[in-house]
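Below: the structure, in structure tokens.
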Amino acid sequence: MSATPFGSVLFFASPAASGFVPQLAEWLKARRGARVVLVANTEQDRDFYQRRHPGLFAEIATIHSLYTSLLEPLDDETRWIDEAAALERRFGFRFTHLLMDDRHLGLGFSAGGTRYPETRWARLGTRAKAIRAFVLQLRFLEKLIVAHKTTLIVNPTKTAAVIARALAIPMRVFTNCTYRSYYTWAVNEFLEIEMLPAAFARASAAELTILDRQHDYYVRERTEMLNRFRFGTMVRLAAVDTLRYFYWVLRRYEKRLGRLPLEQIGIHYRVWSEFRALRRHRLWRASELENRRFVYFPLSVEPEITLTRESPEFCHQAYAVHAIAKELPPDTLLAVKEHVFTIGMRPKSFYRDLARIPNLVFVDPLEWGLDVIRRAAVVATVNGTSGFEAAVLGKPVLAFGVHSKYNILPHVRVVEGWRDMPAAIADVLAAADLPPEARSRDGRRFLNALVGVSVDCAGASFRAVLPETMLDQIAALLERSLLGEDRPAEAAAVASA
């Protein structure tokens, strides 16, 4: 890497960061002399950034071709498959992982989220057309990255991350730490935090921080989701989505091309009705699990990048539930809790089939996860926030995802394969029978380390302008992530640039 990674910075825009991304780009341009380029999703998005931030970006490109190409006839299927195979060899990846990462084209890899609203893109996205779409996007992004002599990519898509890794271009993702309102910089699309292991090694076990509540984002989103279980909210949201679609049609927005209005309206009904169907099952309260030995498996949202992007090696939750259940001793239950955000997305038979497992009980999805974690012997997860919370609290964790930030803790057991399951279950249950002091101490050290490589963004909206002091802290953390605390000469060169 050159003395400064801020020579030419490529940003990827998103609605959730429509204020933050231009603000950080302006900071890097003014303070570090960076040349900044933006990739937007649609022509409407490009026009938005051009109007709001004239002269800031050297170029604003769009990647809408990924979906518009799905609506076009396919010429020579063999040609696109051959080119995809060549790109796989050159960049060292699998095309199927690009599909998995996409909520429209990857539904076939979302075994527990098959009722996610279908789009026109999903219906027309045959294997060959999807391959063509990603070949076109890879071509486009590689050309853009090379043309601008890119030295850093911020908030990349999965496709851009594949290219960045192959070309040895650093990338950074600004991400929520799943603790209160703390955010940090991850080094790839798997949200791995490169600074964290060293910070953990030198961290104190003093109770500088405490995990006493669910993280702020979850609390906000949960409140909004609970409102969707009300009949009046269901009707209102269906009406709003209908009006929004016709507005897009009148304005000729590109995103109208993929929308199937009845699908989008139907999900509001399914959320409302499936919540009631789920509550017809026997649901356990956290208090009923007191003094019972159980492994807690909280289901993750599906489809969601927490599963498909961050854990492409394994993302099949129902398989994990079965594998755990069949290895549990007679005195141990498997407690499964649905994530409120996924209600309405599961196949109709999902809960009925799991309920047949004799040592499985369903936890009421309205129960707070921390209340269940505190009573559990072990917490099992693919890559969920509950695994982080359990690890911090000193609970043994059975983790199926290999990229989770909490995997560095000694009381986290990563499942490396199906043949590993009996030993893995035996290990975490045995650990649960040991005194918790050492685990609790490591959990405190881990949380202190995480906070030490993060920025508290309490009260901030990334759709708006951040306070200047907060932006300075975020930018300083970005530089620290890129240059490292053990490279003071390079850090000084950047600071004086």
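If you filter the stretch 223-299 for GluC sites (Glu not before Pro), then keep DSSP loop positions with at most 10 other Cβ within 10 Å, what is left? Loop-located and lightly packed - GLU290.
Inter-part distance, the stretch 320-386 to the stretch 12-67, computed on C-alpha centroids, equals 42 Å. For the stretch 56-115, a/c is less than 1.5, where a ≥ b ≥ c are the root eigenvalues of the C-alpha gyration tensor. That puts it in the rounded class. Here is the list for the stretch 343-418: trypsin sites (Lys or Arg not before Pro) lying in DSSP coil, each with at most 14 other C-beta atoms within 10 angstrom of its C-beta, are LYS348, ARG356. Judged by the gyration tensor of its Cα atoms, with axes a ≥ b ≥ c, the stretch 161-220 is oblate; a/c meets the 1.5 cut and b/c is at least as large as a/b.
Percent of accessible area on the chain owned by carbon and sulfur, 1.4 Å probe? List each step's numbers first, then the result.
Numbers: 11820 of 21980 Å².
The nonpolar share, carbon plus sulfur, comes to 54 percent.
For the stretch 176-288, evaluate the Debye formula with one uniform point scatterer on each Cα (no solvent term) and list log10 I(q)/I(0) at q = 0.22 Å⁻¹, rounded to two decimals. Taken in order of the listed q values, log10 I(q)/I(0) reads -1.18. Its relative contact order, with pairs defined as Cα atoms under 8 Å and 6+ residues apart, puts the chain at 18 percent. Across all Cα pairs in the stretch 278-327, the calculated P(r) in 10 Å bins from zero up to the longest distance comes to 19, 39, 33, 8 percent per bin. Binning the alpha carbon pair distances of the stretch 250-344 at 5 angstrom intervals from zero yields the distribution 2, 10, 14, 16, 17, 16, 10, 5, 4, 3, 2, 1, 0, expressed in whole percent. Dividing the summed -39500 (n - 2.57) terms of all DSSP H runs of n ≥ 4 by the residue count of the chain sets its mean residue ellipticity at 222 nm at -14000 deg cm²/dmol.
With bins 5 Å wide beginning at 0, the percent of Cα pairs of the stretch 1-82 falling in each bin runs 3, 13, 21, 19, 12, 10, 9, 7, 5, 1.
Rank these residues by their accessible area, most exposed first, probe 1.4 Å: ILE60, ILE305. Write out the running numbers ahead of the final one.
Values: ILE60 20, ILE305 60 Å².
The most accessible residue leads, giving ILE305, ILE60.
Taken per residue, the accessible surface of the chain reaches 44 Å², heavy atoms only and a 1.4 Å probe. Shape class of the stretch 37-149 from the alpha-carbon gyration tensor: oblate, with a/c at 1.5 or above and b/c at least as large as a/b. As a length-normalised measure over Cα pairs under 8 Å and 6 or more apart, the relative contact order of the stretch 340-484 settles at 16 percent.
Considering only DSSP states other than H, G, I, E and B, which trypsin sites (Lys or Arg not before Pro) in the stretch 295-338 qualify as loop sites with at most 13 other Cβ atoms within 10 Å? Intermediate results must be reported in sequence, preceding the final value.
On the way: sites: ARG309, LYS326, LYS337; in loops: ARG309, LYS326.
In loop regions of the stretch 295-338 (DSSP not H, G, I, E or B), the sparsely surrounded trypsin sites (Lys or Arg not before Pro) are LYS326.
Using C-alpha pairs below 8 Å separated by at least 6 residues, the relative contact order for the stretch 51-202 is 20 percent. In the context of the full protein assembly, LEU38 retains an accessible surface of approximately 0 Å², using a probe radius of 1.4 Å and ignoring ligands and nucleic acids. Total lysine pairs in the chain at Cα distances under 22 Å, for residues eight or more apart or on different chains: 13.
Please report the antiparallel percentage of DSSP beta bridges with both residues in the chain, rounded to the nearest 5.
DSSP beta bridges in the chain are roughly 15 percent antiparallel.
Each of the peptides 247-253, 110-116, 384-390 was scored by the mean count of other Cβ atoms within 10 Å over its residues; in descending order, highest first, they stand as 384-390, 110-116, 247-253.
The values are calculated or read from the model by the stated rules, or taken from the named source; none is laboratory data. Because the structure is predicted, anything quoted here is derived from the model rather than measured. Using ideal geometry, Cβ is built from the backbone for each residue, glycine included, and neighbour counts are taken over all protein chains shown. For accessibility, only protein heavy atoms count, side chains too; no ligands or nucleic acids. Shrake-Rupley method; radii C 1.70, N 1.55, O 1.52, S 1.80 Å.
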